[in-house]
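Since the structure comes first, as C-alpha cells, the remarks are kept for the end.
The values are calculated or read from the model by the stated rules, or taken from the named source; none is laboratory data. Since the structure is predicted, the reported quantities are computational estimates derived from the model, not experimental observations. Here Cβ is always computed from backbone atoms with ideal geometry, including for glycine, and neighbour counts include all displayed protein chains. In case anyone asks, the SASA skips ligands and DNA or RNA and just uses the protein heavy atoms, side chains included. Shrake-Rupley method; radii C 1.70, N 1.55, O 1.52, S 1.80 Å.
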Amino acid sequence: MPSIRFSALLLIVASTATLSLAQSGPLLQVQTPAATVRLLNGAGGLWEYRPGGPGSRALIIEPPQFEVDGRAVAGLVTGFTAAAPQLLRNGATEYRFVGPLRADTTLRFEVTFRMAPDNPVVRFRYGLEAPRRAHALTKSGGRDAFTYLAVAAADLPTATEIRLSSFDERVHATTLAEAEVPSRAFENELSVMGPILVLGDGADAQFLLAYEHGSQFPERFLEYRLTPDRRVSLQSVKGNYLNGQPLDAANPYQTLWFEVAGVAGDEDALAAQYRDFALRYLSELDESRQPYVFYNTWGRQERTQWRGGKYLSSMNLATTLAEIEVAHRMGVEVFVIDAGWFAKTGDWRVNTDLFPDTLQQVRRKLDAYGMKLGLWFNPTVAALSSAMLDRNRAYAMSRGGVEAAPFAVWETEESQPLSVVSPYWEEFADELIRLTRELGVSYFKWDAVDQHGSDAAGHLHGTAANSPEERADAYAFLLPLYLTKIVDKVTRAAPQTIFDFDVTEPGRCVGLQFLTAGKFFLINNGPYYHNYDLAPMWKSVNPNGNANIFVEPGPARGWFTRAGLRYDRWLPSILFLTHYQPDEPRSSQVLNLASLILGQNGLWGELLAVSPEGVDYIADVLAHYKQVRDDITRAPPIVVGEPGGSPEIHEKIDPTTGRGAVVLFANAGGRYVYVTQREPSQITWHTGGPVGIRYDAQGRAVIEAEFTEPGARVVFFGVE
C-alpha cells in the first residue's frame, strides 16, 4: 500500500507550566524550527507570528472582537494560563492558552494554536466560555458583528486573493482562481472572499491568511475587508452565529479555525509550503491523502441508461464481482459502488434483490485482493418507509413552513430531505459506523448535498426567536461543520475511513473546512450539452437522452477534466478526485492515464468492455506510477501551456528525491522539447512512442517527444 505518512521529531520552546502574561511584555512563546508565535496581549496586538526564528519578518495579529450582550468585547485578557501541549496524530502539536477577559472577567477567552515542526503554517482558533454567569452572543445592528482578526499591511504592497470555489460552467466544475487585489480595492474599501489572502513584498516576504469554511464564490459567510491604509480585517458576514445564542456553562463558543503562514521568498515558495501543509497537517486523517487508484461504477451505470436501460439495470452481484476481477488486474485499490446498492435511503440496508448475499461475496473478494469497498450516500435524505425517517420526522427540511417535497433517489423509493444540522446527524453517523463493521466499508462518497436547504426552527440552526432568513443562513454556514462532525465521529470508530464529498454541481460548499476531514469528488463527466447552449438539440444529437458531452475516447475529455489541476499549486491534486476512462483505443488509454497519474486518480466506465491487452496495459502503467506516486503527490507542480494547447506539459518531480513524472500532451503533430526545472533521477520508463531522454550538464532531463496525432507521453523518473 502507498504511504505518505510522516513522523516528525517535535522541537518546541514552550513552557508547560502555568504562566501569567502581564498586560505588557510578552512572556509566552511557542517556537518550532518553522515558525514562532509570541503572545502580546497588549495595545500592539494579541499575538505575533514569525516564520522561522526571531530574525525573520513578523506579522502582528490584532485581537478578535465579539459582540456579547449587545456590546463589543475584545479578545484581551488579564492574564493567560498555558495548558500542557498535546501531540496530534499528524505530528503537529496543539497549544492552548486561557484567561479572563479584561472587558468582563466572567468571560474566559481561549486561544489555541496548532503548529508543525517543519512547516510555517499555523492553525489557530478562539473561544469564549462563561462558566459563572449566563451571557448571549448578539447582533444589535441586525447582522453578524464579529471581527476575527486584523493585520496592518502597509509594508506589504501586493495582495492576491485565492478563491477555491469559483464554479466554471465551461468545464462544469469548481475551480481555483487567483486574483490580484489592486491598490484601488484598498482605496475604495472593498472586500474579498478568499478564503486565502496573500500579502507580499516582492521576493522578500510573503504572508498568508486563511479561514476554514466553504461556500461557492461569490456567496460569502466571511470576508476580508480592506481600508485605504492597507489594513485587512476578517469579518463575519452572515450565519456565523445566532442573535441571542446562549453563552453559558453548557454552551461555550468556538470560532472556525484560521491560518497564518509566511516565508522569506516569493509566492511560489509560499504556495509550496502551503501545499505541503494541506497534504500533511491540515487534517489528522491521513488516509484521505493517500494516492490510491479509485474505480466508481457510475460511469458504467450511465452507459447502461443511455442504451435504453436503467441506472440500476447493471447493478447486480454478477457484474460487480466480474468488475472487481478486472479492476484488481488493472491495479485499482478502492472499488466504489455508486447509487442504487441500497434498498432504501436512511436505513441504508443492502438491496437483496440486487445483492442476495448483502455484499458478502463482494467484501470477501475485495479483502482477498487488499482492496477497499466504497459506497454512495446522500446524507440528507431518508426513504418514506424508513425507520430513520420515523425517528427523525421532526428534522425534515422546510422553507417558509413548507416541508421539502419527497423525491425518488436514482430509481429507488421516494425520500424525504432531512436537515443534517439537527440531532439526525448522529444517527446518520451511527449508520455509517454500522456499515464499517458489517460490510467493511472504508470509503464513503457523499452526493447531492446542497448548501442551502432549510430555515426550520427547532433543529440546531436557530429557534423561533430567530428570523427564517437568519435560520437559513445559519443552516448554510453550519452545514460543512456538521459534515465534518459526522466524519469525526465515524473515524473515531474506524480511523482508516475515507470520506469524499461530491461537488460536481453548483451550489455545494467548497473550501478548506471539508478538506480537514476528507477530499472532494471534483469532476465526473464535466460539462453537459446545456452548458454550451445545445439543450434543445439533446434528443436529436443523442436520442437516448445522454446529456454528457465528453464521454467518448480521445483527447477532449482531458481538456476539461484537467482544469482541476489548477488547485495543485496550493492544494494537492490528490484531494480532488476526477474520473478518467479506460476505453480503447490505446491512444485514448494513454491520454486518460497520463491525466490520472497527475493526482486525480479516478477511473470509471465499462471495465468489462476493455480487452485483455488493454487491461494489461493499464496495469503496466499504473504499476510504474505506484513506484513514484508518493513523490508525485508531494511534488509542487510545474506547468507549461494549457489544456487543449500544444504542448501542455506537467512536471511533477519531487525536488528532494528526484523521482516523479513529466507528462506531455499535444494536439498538433510535430516535435516538442522540454527541459526539466528540477534534477530528476536517471532511472526512467515511459509509455512509448518516439521519446528521447538525455541530461544536460546541470543534471536536468531534456525530453524530446514526437507526435503524429493528438496524444500524450508519460516519462517516469526513479522507477525500476
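Values as computed for the structure displayed
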{"read-out": "Cut-off under 5 Å, modelled amide H: who pairs with A173 long-range", "value": "D168"}
{"read-out": "Those lysines that a straight Cα-Cα span of less than 27 Å connects to K626, excepting residues fewer than 8 apart in one chain", "value": "K365, K372, K445, K519, K652"}
{"read-out": "Gain upon complete extension [Q682, A249; 0.36 nm per residue less C-alpha separation]", "value": "149.6 nm"}
{"read-out": "Placed amide H near K344: partners under 5 Å, 5+ positions off or other chain", "value": "R349"}
{"read-out": "Shape of the chain, Cα gyration tensor, a/c cut at 1.5", "value": "oblate"}
{"read-out": "Amide H contacts under 5 Å for V332, placed H, 5+ residues apart", "value": "none"}
{"read-out": "Segment 579-588 - phi-based ³J(HN,Hα) in whole Hz, Karplus 6.51/-1.76/1.60, Gly and Pro as x", "value": "9, 10, 9, x, 4, 7, x, 4, 4, 6"}
{"read-out": "Prolate/oblate/rounded label for segment 55-160 (Cα gyration tensor, a/c 1.5)", "value": "oblate"}
{"read-out": "Rounded tilt (10° steps) of 267-280 against the dominant C-alpha axis of the chain", "value": "80 degrees"}
{"read-out": "Fully extended contour minus Cα-Cα distance, from S467 to A535, at 0.36 nm per residue", "value": "20.6 nm"}
{"read-out": "Accessible area of the chain divided out per residue, in Å², using a probe of 1.4 angstrom", "value": "35 Å²"}
{"read-out": "Over the chain: helical MRE at 222 nm, DSSP H runs n ≥ 4 each giving -39500 (n - 2.57), nearest 500", "value": "-6000 deg cm²/dmol"}
{"read-out": "Cα gyration tensor shape for segment 435-584, rounded if a/c is under 1.5, else prolate or oblate", "value": "oblate"}
{"read-out": "Under Karplus coefficients 6.51, -1.76 and 1.60, residue-wise ³J(HN,Hα) of segment 372-384 in Hz, glycine/proline x", "value": "9, 9, x, 9, 8, 9, 10, x, 9, 9, 9, 4, 4"}
{"read-out": "Förster radius 22 Å - calculated FRET efficiency between A179 and T227, Cβ distance, rounded to 0.05", "value": "0.70"}
{"read-out": "In Hz, Karplus ³J(HN,Hα) per residue of segment 145-155 (6.51, -1.76, 1.60; θ = phi - 60°; x = Gly, Pro)", "value": "9, 9, 10, 7, 6, 8, 9, 8, 10, 4, 9"}
{"read-out": "Inter-label distance, nm, simple model (7 Å from Cα along the C-beta direction), S140/Q360", "value": "6.7 nm"}
{"read-out": "E187-T352 FRET efficiency (beta carbon distance; Förster radius 60 Å; 0.05 resolution)", "value": "0.35"}
{"read-out": "Qualifying trypsin sites (Lys or Arg not before Pro) for segment 116-222 [loop in DSSP, other Cβ within 10 Å: at most 13]", "value": "R132, R133, R143, R170"}
{"read-out": "Fully extended contour minus Cα-Cα distance, from V402 to S611, at 0.36 nm per residue", "value": "69.9 nm"}
{"read-out": "Modelled label reach - R89, point 7 Å along Cα→Cβ, segment 470-504 residues with backbone N closer than 11 Å", "value": "488-498"}
{"read-out": "Packing rank of 386-394, 330-338, where each peptide gets the mean count of other beta carbons within 10 Å, highest leading", "value": "330-338, 386-394"}
{"read-out": "Protection proxy ranking of 205-218, 80-93 - average other beta-carbon atoms within 10 Å, highest first", "value": "205-218, 80-93"}
{"read-out": "Using a Förster distance of 45 Å, the FRET efficiency for A72-R492 (Cβ separation, nearest 0.05)", "value": "0.75"}
{"read-out": "Distance between modelled label sites at A322 and D390, nm, 7 Å Cα→Cβ extension", "value": "3.9 nm"}
{"read-out": "Nearest-10 value in Å² for the accessible area of S454, using the 1.4 Å probe", "value": "0 Å²"}
{"read-out": "Relative contact order (percent, whole number), the chain, Cα cutoff 8 Å, 6+ residue spacing", "value": "10 percent"}
{"read-out": "Cα centre as origin, Lys/Arg/Asp/Glu Cβ charges: segment 644-690 dipole, Debye", "value": "60 debye"}
{"read-out": "Bins of 5 Å, starting at 0 and running to the largest distance - Cα pair percent for segment 650-720", "value": "4, 18, 31, 25, 14, 7, 1, 0"}
{"read-out": "Segment 316-433, relative contact order [Cα under 8 Å, separation at least 6], %", "value": "26 percent"}
{"read-out": "Set of lysines with alpha-carbon distance to K139 below 24 Å, sequence-local pairs under 8 removed", "value": "K238"}
{"read-out": "Heavy-atom accessible surface of the chain: percent carbon and sulfur, 1.4 Å", "value": "51 percent"}
